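Down below is the structure, laid out as structure tokens.
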């Protein structure tokens, strides 16, 4: 069994500002795909939700999909949900720190991690969230890490 110091980090992110709400509580609808192991089992650590502007309070739901069609509820499991507080953009103070969802699970290749939000302000209102994920896998040899980025 490899040691934890052999674990190589991988950081991925949703390459767009999340502006769309999804009230489906079963992982269907239009989820935001945050991470997917490509060819190996990886240790999925967490998702970071960073507010990008003025937001109403909402819920963020993290679903793990089995790799099949996410529009079929049986293919998704609600893993966790967190409250994202209301935020207001200002030029004289930092935006609130990120909201974390800790997962700490080994995920096999093909699984997907999706995040949805219960309610968001209308597009164009300086609102939304940025999503990033942190995962890792054991390197096959020292100096030759394989990242999923």
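The values are calculated or read from the model by the stated rules, or taken from the named source; none is laboratory data. Bear in mind that the values here come from a model prediction, so they are computed numbers and not experimental data. Note that we place each Cβ from the backbone using ideal geometry, even for glycine, and neighbour counts take in every protein chain shown.
Could you grab me the full set of residues in segment 57-87 that are under 18 Å from residue 106 (Cβ atoms) and either more than 18 Å from the chain's Cα centre (by Cα) or outside any loop (DSSP other than H, G, I, E, B) (or both)?
From segment 57-87, those under 18 Å from residue 106 (Cβ atoms) are 62-67, 77, 79-80; that's our starting set.
Matches in segment 57-87: 62, 63, 64, 65, 77, 79, 80.
Looking at (1) modelled with pLDDT under 95; (2) over 18 Å from residue 99 (Cα atoms); (3) out of contact with any strand residue (DSSP E or B) (no Cβ under 7 Å at 6 or more places or on another chain), find the lone condition where residue 56 falls short.
Going through the list (1) modelled with pLDDT under 95; (2) over 18 Å from residue 99 (Cα atoms); (3) out of contact with any strand residue (DSSP E or B) (no Cβ under 7 Å at 6 or more places or on another chain), residue 56 breaks only (2).
Answer yes or no as to whether residue 48 is at pLDDT below 95, under 21 Å from residue 118 (Cβ atoms) and surrounded by 18 or more Cβ atoms within 10 Å (Cβ to Cβ). Steps first, please.
Values: at pLDDT below 95: yes; under 21 Å from residue 118 (Cβ atoms): yes; surrounded by 18 or more Cβ atoms within 10 Å (Cβ to Cβ): yes.
The answer is yes for residue 48.
Would segment 10-23 turn up any residue that is modelled with pLDDT under 85, in a strand (DSSP E or B) and more than 11 Å from the chain's Cα centre (by Cα)?
Yes; the residues of segment 10-23 include at least one that is modelled with pLDDT under 85, in a strand (DSSP E or B) and more than 11 Å from the chain's Cα centre (by Cα).
So for segment 104-112 (the condition being farther than 19 Å from residue 42 by Cβ, surrounded by 13 or more Cβ atoms within 10 Å (Cβ to Cβ) and in contact with a strand residue (DSSP E or B) (Cβ under 6 Å, 6 or more places away or on another chain)), does at least one residue qualify?
Filtering segment 104-112 down to residues farther than 19 Å from residue 42 by Cβ leaves none.
There is no residue in segment 104-112 that is farther than 19 Å from residue 42 by Cβ, surrounded by 13 or more Cβ atoms within 10 Å (Cβ to Cβ) and in contact with a strand residue (DSSP E or B) (Cβ under 6 Å, 6 or more places away or on another chain).
Need the failing condition index for residue 95 against (1) within 15 Å of the chain's Cα centre (by Cα); (2) under 16 Å from residue 18 (Cβ atoms); (3) in contact (Cβ under 8 Å) with a residue 40 or more places away in the chain, just the number.
All conditions are met except number (1).
Just checking, does segment 31-53 include any residue being part of a loop (DSSP other than H, G, I, E, B) and free of Cβ contacts under 8 Å to residues at least 60 places away in the same chain? Break it down into steps so the answer makes sense when it comes.
From segment 31-53, those part of a loop (DSSP other than H, G, I, E, B) are 31, 36-41, 52-53; that's our starting set.
The next check asks that each one be free of Cβ contacts under 8 Å to residues at least 60 places away in the same chain; those that pass are none.
The answer is no, given that none of the residues of segment 31-53 is part of a loop (DSSP other than H, G, I, E, B) and free of Cβ contacts under 8 Å to residues at least 60 places away in the same chain.
Go through (1) modelled with pLDDT of 80 or more; (2) farther than 14 Å from residue 114 by Cβ; (3) surrounded by fewer than 16 Cβ atoms within 10 Å (Cβ to Cβ); (4) in contact with a strand residue (DSSP E or B) (Cβ under 9 Å, 6 or more places away or on another chain) one by one and return the number of the condition residue 74 breaks.
Against the list (1) modelled with pLDDT of 80 or more; (2) farther than 14 Å from residue 114 by Cβ; (3) surrounded by fewer than 16 Cβ atoms within 10 Å (Cβ to Cβ); (4) in contact with a strand residue (DSSP E or B) (Cβ under 9 Å, 6 or more places away or on another chain), residue 74 comes up short only on (4).
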